[in-house]
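Quick notes on the structure that follows.
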Amino acid sequence: MLAVKFVFWGALAGLAWTHAGYPLAVAAAARLRGRSVRRADRTPRVSVIVAAHDEEDVIGRRLENLLALDYPTESLEIVVASDASTDRTDEIAASFAPRVRLVRAPRAGKVAAQNVAVRETDAEIVAFSDANAAWAPDALRKLVRNFADPDVAYVFGRLNLRDASGGNREGLYWRYETWLRGQESLLHSTTGGYGSIYALRRSDYVEVDPRFGHDLALPYVMVQRGRRAVYEPDAHAFETPTPTNEAEYRRKVRMFEHCWLITLRGRMLRGLPPVYWIGIVSHRHLRYASGLLHVVALVTNVALLGEGWVYVVTLAGQVALLAAAALGVGVARYYVLVTWATVVALWNYLRRGVPATWEPAEGTRV
C-alpha cells in the first residue's frame, strides 16, 4: 500500500499546488521582487487584425467599434482576415473600405488567417481581436503604451464578460484566473493571454503551428526568445460568454484539445528562465492534468479506505464535491465540468488529433 499512498498524496499535492499553492506563491513573489513595465503614451502605427469565419451577424458591429477607437486615424489600419467565409462576412467587411482592408485566406483556421494578414502589414505593432468582442475607446492606447519598454514583446488586456443586456457575467473562477495571470505578469511574464485583446511588436511576431492558439503559445515563445509577455489591466475588451455551464463545458473541451497539443508537442519547457519554468509547469501542465489527478486521487482513495480515518475524510471530501456539482452548486458544478473537460479533451486529442479550423462557441454572438 505504500506505493498507492505515494500516488494518492502526490495527486492531492499536485491539485493543491496548482489551484492554491502556486497562486499564493507567485503573488508573494510578485510583491517582493516584481518587475515593473516602462510605459509611455505613444501612438505607433498599428494594424488591428480580426480573424473571421462566417461572422456576418457581428462583423459590422465589430468594425464600427474599432473605427471609434481613440487612436490617430493615420496610424491605425484595420484588417479583416477572412478564413474562407461563405456568408456575407467578406461583403460587409469590404463595405467599410478604405478604412478597413479585407484579406481573404484559404480555410485553414484562425491562426493561419492571422498569419496571412500579418504578412501583408508593415505596421510597427500588430494587435488582434475576435469578431464578437468590443474594445473600450482607449483600449488600444493602453495596450501600446507598454511597448515603450524594450523588453516587452507581447501585451494582453482585460477581458470582461457581459450578458446581452450588459450585466456582469464574471464568475469567481474567471476573476481568479485573471488575477493570477496578472500576478505572473508582475513577476516576469504571463503564461497565457486572452484572444480578444492582445498585441505584439511586428518584429517579434512568430508563425506558430496553426493548430496552436496564440493565447497559450505566444507568451512562452516570447519568453524563450528572451522577451516579456505582460498584462495591461486598463485595456478593456468585452464579450458575451457562453450561456450555460454545459455550453462552457463543450467550449472548454475544444479549447483544451489545443492546450494538450501545445503541452505535449509545443516544447513549452525549452530554454525558459527558472521562475517562468515553474509557472508553466504549475499553471499550465498541472492545471491541464487536474482531471487526471482527480481521477487518480479518487481511485487510490477508495483503495486506501482500510488504512485509517484520514482516508475516510478525504474520500468524503471528494464525494461532497461531486455531489455539490450534481446538485448544481455554482462553483462546484463549474469546477467539475471544466476539470472533466481536460480529461475528455486529452482523449479526443489522442484519438483523433486536433483540427486547425474552428466554429464559434454557441451563444457568444448575440
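The values are calculated or read from the model by the stated rules, or taken from the named source; none is laboratory data. Remember, it's a predicted structure, so these values are computed and weren't measured experimentally. In this analysis, Cβ positions are derived from the backbone assuming ideal geometry, glycine residues included, and neighbour counts consider all displayed protein chains. Only protein heavy atoms, including side chains, enter the accessible area calculation; ligands, DNA and RNA are left aside. Shrake-Rupley method; radii C 1.70, N 1.55, O 1.52, S 1.80 Å.
Quick check: is even one residue across segment 156-175 assigned to a helix (DSSP H, G or I), of a type in the set (Phe, Trp, Tyr), more than 28 Å from Pro243 (Cα to Cα) and out of contact with any Cys (no Cβ under 6 Å at 6 or more places or on another chain)? Checked segment 156-175: no residue is assigned to a helix (DSSP H, G or I), of a type in the set (Phe, Trp, Tyr), more than 28 Å from Pro243 (Cα to Cα) and out of contact with any Cys (no Cβ under 6 Å at 6 or more places or on another chain). Would segment 116-134 turn up any residue that is open to solvent by 10 Å² or more (accessible area, probe 1.4 Å), charged (D, E, K, R), closer than 11 Å to Val48 by Cβ and at pLDDT 95 or above? No, segment 116-134 has no match at all.
Ser47 passes every criterion in (1) at pLDDT 95 or above; (2) open to solvent by less than 10 Å² (accessible area, probe 1.4 Å); (3) more than 28 Å from Ser185 (Cα to Cα) apart from (3).
The combined condition, being open to solvent by less than 50 Å² (accessible area, probe 1.4 Å), assigned to a loop (DSSP other than H, G, I, E, B) and free of Cβ contacts under 8 Å to residues at least 12 places away in the same chain, is fulfilled by Gly328. Report, by residue number, each residue of segment 88-115 that is among the hydroxyl-bearing types (Ser, Thr, Tyr) and open to solvent by 50 Å² or more (accessible area, probe 1.4 Å). Scanning segment 88-115 gives a single hit, Ser95.
Of note, Ala316 satisfies the criterion of being assigned to a helix (DSSP H, G or I) and either open to solvent by 50 Å² or more (accessible area, probe 1.4 Å) or modelled with pLDDT under 95 (or both). As for segment 146-160, it holds no residue that is small (Gly, Ala, Ser), in contact with a strand residue (DSSP E or B) (Cβ under 8 Å, 6 or more places away or on another chain) and on the phi > 0 side of the Ramachandran plot.
For segment 251-291, the tally of residues that are of a type in the set (Lys, Arg), surrounded by fewer than 19 Cβ atoms within 10 Å (Cβ to Cβ) and in contact with a helix residue (DSSP H, G or I) (Cβ under 8 Å, 6 or more places away or on another chain) stands at 2.
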